[in-house]
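> I'd like to ask you about the structure that follows.
The values are calculated or read from the model by the stated rules, or taken from the named source; none is laboratory data. Remember, predicted model here, so these are calculated numbers, not experimental data. With ideal geometry, Cβ positions are generated from the backbone for all residues, glycine too; neighbour counts draw on all protein chains shown. Heads up: the accessible areas ignore ligands, DNA and RNA and are worked out on the full protein's heavy atoms, side chains in. Shrake-Rupley method; radii C 1.70, N 1.55, O 1.52, S 1.80 Å.
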Amino acid sequence: GTGVRRPVKARTAAYAETIARLVLRHSSAWEQLTGPDHEVLCGLQPPLGDLFSWIDAGVHEHGGQPWPALQVALQGQDFAARAEELMAYDGSQPLSRVVEDLDTTERDLRRSMLEIHIDVVGTAIDEASRLPQSDPARGERLRELSRRQHALLQQKHSLKS
């Protein structure tokens, strides 16, 4: 989508970095996310949004690839340094030594993505509530967003179990 890139909350950025690490370990993880997930991630501010857009294109073109292959392909990209930083951090975490467990990856992806969607809808509610009361679209927009927020929070609750 051609959405305006909004400043990203620190919390959203942290979850997006978790997702970036998971998909950089092996880009096939990207395929576990939905179209709307991809849209939100690719719409984030640079460098993260650009990194996700690049991963998206790469997965369409080559399928899933492991980090060593992605690392080579990244050379010369504006966001290469950011990706390297994320993976260096990843390597310093003791858990990354554990053989990747796809279920864990999928759970982490889903959890992080859910948190991002909750932040995005929260921001949208703030924006919609600043519309003038006289705006006929305001009430409907807020009701729609509240329904969405409620559904997301319920999903989050059920993920905890």
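> Taking the range 1-16, which residues are surrounded by 14 or more Cβ atoms within 10 Å (Cβ to Cβ) and either modelled with pLDDT under 90 or touching a Leu at 6+ places or on another chain (Cβ under 6 Å) (or both)?
Within the range 1-16, Arg6, Val8, Lys9, Ala16 qualify.
> Let me ask you something else. If we scan the range 89-104, do we find a residue that is open to solvent by less than 60 Å² (accessible area, probe 1.4 Å), at pLDDT below 85 and of a type in the set (D, E, K, R)?
Yes, because at least one residue in the range 89-104 is open to solvent by less than 60 Å² (accessible area, probe 1.4 Å), at pLDDT below 85 and of a type in the set (D, E, K, R).
> Sticking with this one: Answer yes or no as to whether Ala124 is aliphatic (A, V, I, L, M) and under 19 Å from Arg21 (Cβ atoms). Full working, then the answer.
Numbers: aliphatic (A, V, I, L, M): yes; under 19 Å from Arg21 (Cβ atoms): no.
Judged against the criteria, Ala124 is not a match.
> Of all residues in the range 65-85 being within 12 Å of Pro47 (Cα to Cα) and either touching a Lys or Arg at 6+ places or on another chain (Cβ under 7 Å) or not in a helix (DSSP H, G or I) (or both), which is most open to solvent (accessible area, probe 1.4 Å)?
Here the answer is Asp78.
> Then there's this: Looking only at the range 112-148, count how many residues are open to solvent by 60 Å² or more (accessible area, probe 1.4 Å) and farther than 15 Å from Val8 by Cβ.
Number satisfying all stated conditions: 12.
> Can you work out which of the residues in the range 37-55 that are in a helix (DSSP H, G or I), in contact (Cβ under 8 Å) with a residue 40 or more places away in the chain and of a type outside the set (D, E, K, R) is nearest to Ala10 (Cα to Cα)?
Initially, the range 37-55 is screened for residues in a helix (DSSP H, G or I), giving 37-42, 48-55.
If we keep only those that are in contact (Cβ under 8 Å) with a residue 40 or more places away in the chain as well, we get 37, 40-41, 48-49.
Within this subset, residues satisfying the condition of being of a type outside the set (D, E, K, R) are 40-41, 48-49.
Values: Val40: 15, Leu41: 14, Leu48: 13, Gly49: 14 Å.
Once the filter is applied, the top-ranked residue is Leu48.
> Those residues that are within 11 Å of the chain's Cα centre (by Cα) and open to solvent by 50 Å² or more (accessible area, probe 1.4 Å), I need them from the range 29-57; list them, please.
Thr34, Pro36, Glu39
> Sort out which residues of the range 18-28 are open to solvent by 20 Å² or more (accessible area, probe 1.4 Å), in a helix (DSSP H, G or I) and in contact (Cβ under 8 Å) with a residue 40 or more places away in the chain, and write them in order of number.
Within the range 18-28, Thr18, Arg21, Arg25 meet the criteria.
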